[in-house]
Amino acid sequence: MLVLSRKLQQQIVIPELNIRITVLSVGTNRVQLGIEAPNSIQITRPEIHGLTSASRAMSEWRQVVEV
């Protein structure tokens, strides 16, 4: 595992895959990242990775509502 430190608005780039990750905000217990990647690359959170598409949609909907 590569561990990098970044400040607000700084980026990490993976040029071979055309991926750019930007630190958007840093809170007490939360870091918000913006990820730019080609549509062919799937990006998921580990807690929803194995769910069915219907369960995943419900999980994502709950996350939005709880905020």
Which of the trypsin sites (Lys or Arg not before Pro) found in the stretch 1-40 are loop residues per DSSP with 11 or fewer other Cβ atoms within 10 Å of their Cβ?
-> Lys7, Arg30
What ³J(HN,Hα) values, in whole Hz, does the Karplus curve 6.51 cos²θ - 1.76 cosθ + 1.60 give for the stretch 15-22 when θ = phi - 60°, with x put for Gly and Pro?
-> x, 4, 10, 6, 10, 10, 10, 10
Label-point separation (nm) for Arg20 and Gln42, each offset 7 Å from Cα along Cα-to-Cβ?
-> 2.6
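Where a number appears in this text, it was derived from the coordinates with a stated rule and is not lab data. Not measured: the values here are computed from a predicted model. Quick reminder, even Gly has a Cβ in these numbers, built from the backbone with ideal geometry, and neighbours come from all protein chains shown.
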